[in-house]
Amino acid sequence: MIRQVSVFMQNQEGRLAKVLRTLADAKVNIRSLTIAEAEDFGLLRLILQDSDAGMAALKDAGIMANETQVLAVEVPDEPGGMASIVEVLGSADISIAYAYSFLPKNTDNAIIILKVPDADYDKAIELFSGDERTNLLARDELLTR
């Protein structure tokens, strides 16, 4: 299971810096990050090297965060890689709530972090496990890529 840490932040100067400094001071490495914004709030989604230490540091700093179960799928870094992921899920009418890339250190492949509806999570795992074009990664595999 891949655990994503999500932080809800008001769009105010210094909020992002506080979150990132808190994680840095706790020596928690950020492996992937995406920011979605609304008018007054932002949503920071993170894949951390050590989610437990990151959550503890954020809590100690008074920063509201929660964890979400996501999928990490590895595909060849070539045209059509993301299409393969969408086709696998589409074959079972599973939608993608959001997706973002993960920057691997030790592979030339692309890794995409996906959130699918909770009700479809197990089915998505089953689909990716039987697909030759994609490689569903476990947490330890993801963090060593």
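Within the accessible surface of the range 1-116, defined with a 1.4 Å probe on protein heavy atoms only, the carbon and sulfur portion equals 49 percent. The calculated FRET efficiency for GLU126 paired with ASP50, based on their beta-carbon distance and R0 = 25 Å, is about 0.30. Using a probe of 1.4 angstrom and keeping all protein chains present, the accessible surface of the range 71-145 works out to 54 square angstrom per residue.
Taking the Kirkwood radius as Rh and the Cα radius of gyration as Rg, the range 101-145 has a ratio of Rg/Rh equal to 0.97.
What dipole magnitude, in Debye to the nearest 20, does the chain give about its Cα centre under +1 on Lys/Arg Cβ and -1 on Asp/Glu Cβ? Present the calculation step by step, with values, prior to reporting the outcome.
Details: 14 positive and 23 negative charges, 124 e Å.
Dipole size: approximately 600 debye.
Taking the C-alpha atoms only, the angle from helix 51-60 to the longest principal axis of the chain is near 30 degrees.
Computed on the chain, with alpha-carbon pairs under 8 angstrom and 6+ residues apart, the relative contact order is 26 percent. Centroid-to-centroid, using Cα positions, the range 116-135 and the range 58-86 are 14 Å apart.
Kindly provide the helix-only [θ] at 222 nm of the chain, computed as the sum of -39,500 (n - 2.57) over DSSP H runs of four or more divided by all residues, to the nearest 500 deg cm²/dmol? It would help to have the intermediate numbers written out before the result.
Numbers: 5 runs with 46 residues, N = 145.
For the chain, the value works out to -9000 deg cm²/dmol.
The values are calculated or read from the model by the stated rules, or taken from the named source; none is laboratory data. Not measured: the values here are computed from a predicted model. So basically every Cβ, Gly included, is an ideal-geometry build from the backbone, and we count neighbours across all protein chains shown. Accessible surface areas use protein heavy atoms only, side chains included; no ligands, DNA or RNA. Shrake-Rupley method; radii C 1.70, N 1.55, O 1.52, S 1.80 Å.
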